[in-house]
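> This is the structure I have questions about; it appears just below.
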Amino acid sequence: MTYIPTELRRLVVERTGGCCEYCRIQITDRLPPFEIDHIIAEKHGGHTTAGNLWVTCYRCNGFKGSDIASADPETERATFLFHPRKQRWDDHFRLVGAVIEPLSPEGRVTASLLRFNALIHVAQREALIKEGRYPCQPAG
Ligand SMILES: [Zn+2]
C-alpha cells in the first residue's frame, strides 16, 4: 500500500464531507469507517494525487479493488466505472427509496460491480434513512 501524506489524506476526506463517494453512506456508519484509495489503481498508471484519490467505505472499496471497468450488465460492453473526481453522482445514479438506481452505463457497471443494491446494503440504507442519516451530503 502506498503511503499517502497526512495533508493529502485530510484534503481528500474533507472535500467529501465524510461520505463514501460511491454509495453515499456516511463513512462513520460502517466499520472500519473508511479507506482512501486510488480511483485509477497504481497498477493501471494512477498516481497518488488529490485528483486520483477517493474516500470509500470498506464495502465499496472491497468490491472495486483495482478495477477501473467492467462489463455493462445491460449491453455487455466494457465500460469504465463511475469516476467520482470527474463525474457527478447525480448524473449517474438516483435514489429510489433505499435503492441506488443507475442512470448511465457507468452507473450500471458501478452499481453492479460494487453490489450497491445487495439486500444487506439496501436494508442498512433503509435503517439509516429512518434515522435521518442517509444519504450523506457531500461537501461542495
Ligand atoms: Zn460505499
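> Is the shape of the range 19-80 best called rounded, prolate or oblate, per the rule: a/c under 1.5 gives rounded, else a/b larger than b/c gives prolate, else oblate, with a ≥ b ≥ c the square roots of the Cα gyration tensor eigenvalues? Walk me through the numbers before you get to the answer.
Values: a/c = 2.44, a/b = 1.31, b/c = 1.87.
Oblate, since a/c reaches 1.5 and b/c is not below a/b.
> Which residues make up the longest stretch of the chain that has no GluC sites (Glu not before Pro) in a DSSP loop with at most 12 other Cβ atoms within 10 Å?
Working: sites that count: E74, E76, E131.
My reading of the result: 1-73 is the longest stretch.
> Could you pull out every residue, at least 5 positions away or on a different chain, whose amide H is within less than 5 Å of the one on D37? Hs are placed 1.01 Å off N in the peptide plane, and Pro or chain starts have none.
W54, T56
> For the range 13-86 and the range 107-140, what is the separation of their C-alpha centers, rounded to whole Å?
14 Å
> Follow-up question, since we're still on this one. Give the carbon-plus-sulfur fraction of the accessible surface of the chain in %, rounded to a whole number; probe 1.4 Å, heavy atoms of protein chains only. Numbers along the way, then the final one.
Details: 4090 of 7530 Å².
The C+S portion of the solvent-accessible surface of the chain is 54 percent.
> Straight-line reach from K86: which aspartates and glutamates have Cα under 15 Å away, leaving out those fewer than 8 places along the same chain?
E21, E106
> For the chain, what does the convex hull of the Cα positions come to per residue, in cubic angstrom?
Values: hull volume 14.6 nm³, N = 140.
Roughly 104 Å³ of hull volume per residue.
> Just how large is the dipole of the range 6-130 about the Cα centre, in debye to the nearest 20, putting +1 at every Lys and Arg Cβ and -1 at every Asp and Glu Cβ? Don't skip to the answer; put the middle values down first.
Numbers: 17 positive and 16 negative charges, 44 e Å.
About 220 debye.
> Just the accessible area per residue of the chain, please: how many Å² with a 1.4 Å probe? Write down the numbers at each step before the final one.
Details: 7530 Å² over 140 residues.
Heavy-atom SASA per residue in the chain reads 54 Å².
> In deg cm²/dmol, rounded to 500, what helix-only [θ] at 222 nm does the chain give when every DSSP H run of at least 4 residues adds -39500 (n - 2.57) and the total is split over its residues?
Details: 5 runs with 43 residues, N = 140.
Taken over the chain, the calculation gives -8500 deg cm²/dmol.
> In nanometres, what is the gap between the two model label sites at V96 and E14, each 7 Å from Cα along Cα-to-Cβ?
3.9 nm
The values are calculated or read from the model by the stated rules, or taken from the named source; none is laboratory data. Just so we're clear, the structure is a prediction, and the values are computed from it rather than from any experiment. Virtual Cβ from ideal backbone geometry, glycine too; neighbours counted across all protein chains shown. Side chains included, ligands, DNA and RNA excluded: accessible areas come from the protein's heavy atoms. Shrake-Rupley method; radii C 1.70, N 1.55, O 1.52, S 1.80 Å.
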